[in-house]
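Reviewing the structure listed below.
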Amino acid sequence: MKATSKKMAGSDRRAAIIAAARQVFVGKGFYRTTTRELAAAAGVSEALLFKHFPSKDALYAAILKSCFSEEESKIEKQLRTLEPSTSGLVFLVTDLVIHVLGTQAEADARLFFRLILRSLMDEGEFTRLAIQGGPFHWVKKVEECLRAARRAGDMIAPPPRPSLAGWMVHQLVSGIMLHSLPSQPVVDYGVSHEELVKQVVWFCLRGMGVKDDVIRRCCKPEKLREQLSTARAEIRGRQAISRGLER
């Protein structure tokens, strides 16, 4: 692609390069992508590319940050204020499942998961960097909540190892999402989004060792519908803002 001479503000140019580079990395992975290809996709010269990003690694890191930096800040703040408890554990699992599976993924979210998938097929670096953020803090809070639930007598005996349970649930939910990336999902579960969320939440909590009567007590259908409604409203709000910016 011929480099463009159109003048753009520095921040706008960086954003445009990042947006173009995402697509290239999804298609070719980190190691097989050259800076020449990245510059061409963004419509700039390699010199201008290096002016904004001194290396391919720096651009890769900027893409990771752009994918979920705002969402990460929100998650970390939420985790800091959440007291370790059985109800906290149920909230963490339900919230994860709802935000990953309970809504129609936005374009940026789908692109992020495709970057994860490409990374896993390639060098894995993008995924390693990604899980050091929100997922790592989420798993640590899950560990705290599992120990609190055990002290409260809400777990089967012996319960799963807390340090493993969080990662297992996180990877299970992410795996289900990856099967939903194609326009026609790989698996037709034959249930509504709400029912799928409910079933996955129950499966995860049971797998973690939470007693059935505790799950019934904490997982109220009306609360689940409320959380689903809130998540969908947040997505509609972001989509409306995005449409407004594009005009």
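Taking the criterion of being small (G, A, S), outside any helix (DSSP H, G or I) and surrounded by 15 or more Cβ atoms within 10 Å (Cβ to Cβ), no residue of segment 143-159 qualifies. Select from segment 120-146 the residues that are under 14 Å from the mean Cα position of the chain (by Cα) and not hydrophobic (A, V, I, L, M, F, W, C) and write down the one among them that is modelled with the lowest pLDDT. Across segment 120-146, the extreme among qualifying residues is G133. Among the conditions (1) surrounded by fewer than 16 Cβ atoms within 10 Å (Cβ to Cβ); (2) modelled with pLDDT under 90, C218 misses just one, which is (1).
Restricting attention to segment 124-142, the residues that are crowded, with 18+ Cβ neighbours inside 10 Å and either touching a Cys at 6+ places or on another chain (Cβ under 7 Å) or of a type outside the set (V, I, T) (or both) total 7.
If you go through segment 170-179 and keep only what is buried (at least 16 other Cβ atoms within 10 Å of the Cβ) and either of a type in the set (G, A, S) or within 12 Å of L89 (Cα to Cα) (or both), you end up with just S174. Is it the case that S174 is out of contact with any helix residue (DSSP H, G or I) (no Cβ under 8 Å at 6 or more places or on another chain), of a type in the set (S, T, Y) and closer than 24 Å to L196 by Cα? For S174, the condition - out of contact with any helix residue (DSSP H, G or I) (no Cβ under 8 Å at 6 or more places or on another chain), of a type in the set (S, T, Y) and closer than 24 Å to L196 by Cα - is not met. Tell me yes or no: at least one residue of segment 105-116 is small (G, A, S), at pLDDT below 80 and either farther than 18 Å from P182 by Cα or in a loop (DSSP other than H, G, I, E, B) (or both). The answer is yes; a qualifying residue exists.
Restricting segment 20-66 to residues that are modelled with pLDDT of 90 or more and acidic (D, E) leaves a set whose member that is farthest from L117 (Cα to Cα) is E46. Pick from segment 48-65 the residues that are among the aliphatic types (A, V, I, L, M) and within 17 Å of the chain's Cα centre (by Cα): which of them is surrounded by the fewest Cβ atoms within 10 Å (Cβ to Cβ)? It comes out as A61. For segment 148-200, a residue qualifies if it is charged (D, E, K, R) and within 21 Å of C219 (Cα to Cα), and the qualifying residues are R150, R151, D154, E194, E195, K198.
Quick check on segment 178-197. Is at least one of its residues in a helix (DSSP H, G or I), under 30 Å from A58 (Cα atoms) and under 21 Å from the mean Cα position of the chain (by Cα)? Yes: segment 178-197 contains one or more residues that are in a helix (DSSP H, G or I), under 30 Å from A58 (Cα atoms) and under 21 Å from the mean Cα position of the chain (by Cα).
The values are calculated or read from the model by the stated rules, or taken from the named source; none is laboratory data. In this text the structure is predicted, and so the values were computed from the model without any measurement. Don't worry about glycine lacking a Cβ; one is built from the backbone with ideal geometry, like all the others, and counts go over all protein chains shown.
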